[in-house]
Structure formats: C-alpha cells, structure tokens
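Colleague: Structure below; questions to follow.
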Amino acid sequence: MELSSLGLGTYLGPSTSAADEGYVQAAGAFLAAGGTVFDTAANYRGGRSERALGAAFIGRPRDGFFVSTKAGYLPMGDGSPGEDSAAWFRRVLEAPGILRADEVADGCHAMTPRYLAHQLEVSLAALGVASVDLFHLHNPEQQLPHLGPEAFHAVIQQAFEACEGFVRTGRIRAYGVATWNGFRVPPGRPDHLSLERLLAAAEAAGGQDHHFRWIQLPLNLALPEAFLAPTQVFRGERMTPLRAAQAAGLSVQTSASIMQARILTQLPADLVAALGGTTPAQAALQFPRSCPGVTVALCGMGRPEHVVENAAVLDLPKVDPAVLAGLFG
C-alpha cells in the first residue's frame, strides 16, 4: 500500500457523540480524497478516537489504510458514568494485576510489558482490526527525568522486547516512539532521547532484523527543530533528527503540522504563495510534508470540511528543500 504524504490525526476534540461522528465522516472523506494514513492513541478522547476510526473502517478492505496507535499514557477512564479516575485505575488495571501504582511514572505514564499488551488489546478491539501497522511508545521521554538514563533505558529495553513479541504474534507490524520533546531538544536536556541508543536497544531486543521502524515528532513552521537543529549524535556526527532517521533507515511521522491552527493567522500571503498552497492551512502543511526525510505529515482533522481543504495538498508538488531552508534565513 502506498502511504499518503498527509495523515489524519485524532487527538483534538471533546468527548462527545457529535465529535465522534465528525471523525467518522472525516475519515471517510479522507479515504475518498486518497488519504491512507490514520494516527490515534489509546488515551485520545478517552478512547473515543480509536472507536470512531473503528466505525469508519467497517466494511473497508484492510489493505486500504495504514493505522498507527500509541500506548504509554493512562486514559484514566473509559466514560463509565459516576466513576472517577482512581476508581477506574483500581478496577481496570490494578485489581486484575495489569499495572501497579508504583509502576506509574509521573502519575500518568507506564510502559511495562503487561500494560502495553493490555493497551494494545484495547486498541485492536476499538479499531476493529486484527493488527495495527504501527504501535508507538507514547512520549517515552516523560519517564526519563524521573528514572534517570540507565533505569529509563532498562524500561525501554523491556518495552521493545514486548513489542517484538507483538510482531511475532501478528498483532503489530512495526513499532516506534512518538515523541514531543525527546528528539527536538539537544543532548544534555533531561528529556533528550538519543536515536542511536534507541536503535541499540532495538537490536538487543530483536537482532539486526528488529521491527523498530518509525519515529514521530512535531514539525511545523513554529517548531522547525526536526528539520534545522542538529540535536542528534549519530555515528559520531551531529545531525538533525530527520537526517539521523534517514541515516538509520527509519520512516518518520511528523505531528502538530498546523500547531492546532494557532500559526495560521500568522502566515503572510507571500509565504503562503512560496509554499504552493492557496490557503494558510495548505501552506502550513506543505512545510512538513516537503521536508526531506518526512514520510507522513499528520494533521488533526475532525470534520469533513477540514479534510476537503487539507487533502488538496496531496495533489501539490513538494517544495524544494532550499526554499524551505530559506524561510528561516
């Protein structure tokens, strides 16, 4: 299957039936427009985003879409009326022996093998599929300042071993890490992730043929570090995250392409024209999808009208990298 250079994200929106239906319709419109990539997470909108995509996928051939999901954050509820998050944690995770309170980092995050397996099963059921194409550890750097580097990488090692097991049983096809700060910030920051060290953990978990194949990080006109900042040391050389991913043979999803629409009012007409879009949203999307090394630029689209506007970039040529670099002087 050919992956579309734009993917539909499902992070934003209230936990309402109207928002659910909006995502169902948006997903259908995106597929009709030629989009094939969908991104979600077990905790997005209390699990409702995964269920909305599952409804949109009903009756569609499984080889017609690529879906990535994530585990790490605790959803802390499933919409059961009158149940607070503490009661939900005790009922769903603690009582069945899936996760102990002392295995939760920073009050909200866990990556133990048993918890990841549980979240994967929840995701598969919600999405209505037998396997997901990509299973991310969700913002693993959340735990780094609390554990310290050595304990953190021991946790990562166990998580990667669990993911290799999920591949062997056919429940996922590949795994990765979906980050916010990890790859963008420089070495020395407490939440910095070394791509080289993650690859070493993957090789230890799965050998040379491991299935750590993807990374995700933000990239937009306001957060251009993935394209510009040499935050990674790879094979002895300082590189940008995108260049390091290319050197490692990894595919890349970029997130926050339009910064939840906050950057759109700041784009002058000449910049919109330079990027080849006819609207600010299209111009903003042209930047990440055109950066060398980006496989898919993700954008939250919760209504069909968003899809109609944004998916138009699929028919636009990508922007020359020299033009992109010139935007930042």
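The values are calculated or read from the model by the stated rules, or taken from the named source; none is laboratory data. These numbers come from a predicted model, not from an experiment. Glycine also receives a Cβ, built like all others from the backbone with ideal geometry; neighbour counts cover every protein chain displayed. Side chains included, ligands, DNA and RNA excluded: accessible areas come from the protein's heavy atoms. Shrake-Rupley method; radii C 1.70, N 1.55, O 1.52, S 1.80 Å.
Colleague: Do the conditions hold for Arg51, that is, is it more than 25 Å from Ala312 (Cα to Cα), open to solvent by 60 Å² or more (accessible area, probe 1.4 Å), part of a helix (DSSP H, G or I) and at pLDDT 95 or above?
Modeller: yes
Colleague: For Leu147, state whether it is touching a residue at least 40 places away in the same chain (Cβ under 8 Å) and farther than 23 Å from Phe66 by Cα.
Modeller: It is true that Leu147 is touching a residue at least 40 places away in the same chain (Cβ under 8 Å) and farther than 23 Å from Phe66 by Cα.
Colleague: Determine the pairs where a residue that is modelled with pLDDT of 95 or more, located within the stretch 16-34, has a partner that is open to solvent by 40 Å² or more (accessible area, probe 1.4 Å) and not in a helix (DSSP H, G or I) with Cβ atoms under 8 Å apart, the partner being 6 or more residues away or on another chain.
Modeller: Hits for this filter: Ala19/Gly13; Gly22/Gly13; Gly22/Arg303; Tyr23/Gly13; Gln25/Arg303; Ala26/Arg303; Leu31/Arg60.
Colleague: Sticking with this structure for a sec: Under the condition of being free of Cβ contacts under 8 Å to residues at least 12 places away in the same chain and among the charged types (D, E, K, R), which residue from the stretch 201-214 is surrounded by the most Cβ atoms within 10 Å (Cβ to Cβ)?
Modeller: Ranking the qualifying residues of the stretch 201-214, first place goes to Glu203.
Colleague: Here is a further query. With respect to Val185, is the statement that it is open to solvent by less than 20 Å² (accessible area, probe 1.4 Å), outside any helix (DSSP H, G or I), under 13 Å from Ala229 (Cβ atoms) and in contact (Cβ under 8 Å) with a residue 12 or more places away in the chain true?
Modeller: In short, yes.
Colleague: Within the stretch 127-152, can you find the residues that are open to solvent by less than 20 Å² (accessible area, probe 1.4 Å) and in a helix (DSSP H, G or I)?
Modeller: Of everything in the stretch 127-152, those that are open to solvent by less than 20 Å² (accessible area, probe 1.4 Å) and in a helix (DSSP H, G or I) turn out to be Leu127, Pro140, Glu141, Leu144, Phe152.
Colleague: Let me confirm something: among Leu217, Leu198, Leu193, which residue is free of Cβ contacts under 8 Å to residues at least 60 places away in the same chain, assigned to a helix (DSSP H, G or I) and crowded, with 22+ Cβ neighbours inside 10 Å?
Modeller: Matching residue, one of Leu217, Leu198, Leu193: Leu198.
Colleague: Test of understanding: among Gly28, Gly46, Gly64, Gly7, which residue is over 19 Å from Phe135 (Cα atoms) and either open to solvent by 10 Å² or more (accessible area, probe 1.4 Å) or touching a Leu at 6+ places or on another chain (Cβ under 7 Å) (or both)?
Modeller: Gly28
Colleague: Here is a further query. Is it the case that some residue within the stretch 76-86 is assigned to a helix (DSSP H, G or I) and either over 17 Å from the mean Cα position of the chain (by Cα) or of a type in the set (D, E, K, R) (or both)?
Modeller: The answer is yes; a qualifying residue exists.
Colleague: When residues of the stretch 280-300 are filtered for being touching a Phe, Trp or Tyr at 6+ places or on another chain (Cβ under 6 Å), over 21 Å from Thr69 (Cα atoms) and not hydrophobic (A, V, I, L, M, F, W, C), how many remain?
Modeller: Looking only at that region, the number is 0.
Colleague: Sort out which residues of the stretch 1-59 are under 18 Å from Ser123 (Cα atoms) and of a type in the set (Asp, Glu), and write them in order of number.
Modeller: Selection gives Asp20, Asp39, Glu50.
Colleague: A further question on this structure: Every residue in the stretch 67-107 that is of a type in the set (D, E, K, R) and either open to solvent by 60 Å² or more (accessible area, probe 1.4 Å) or without any contact (Cβ under 8 Å) to a residue 24 or more places away in the chain (or both), please.
Modeller: Result: Asp78, Glu83, Asp84, Arg90, Arg91, Glu94, Arg100, Asp102, Glu103, Asp106.
Colleague: So for the stretch 261-271 (the condition being open to solvent by less than 10 Å² (accessible area, probe 1.4 Å) and either part of a helix (DSSP H, G or I) or more than 30 Å from Ala200 (Cβ to Cβ) (or both)), does at least one residue qualify?
Modeller: no
Colleague: Go through the stretch 307-329 and give me each residue that's of a type outside the set (A, V, I, L, M), open to solvent by less than 60 Å² (accessible area, probe 1.4 Å) and in contact (Cβ under 8 Å) with a residue 40 or more places away in the chain.
Modeller: Asn310
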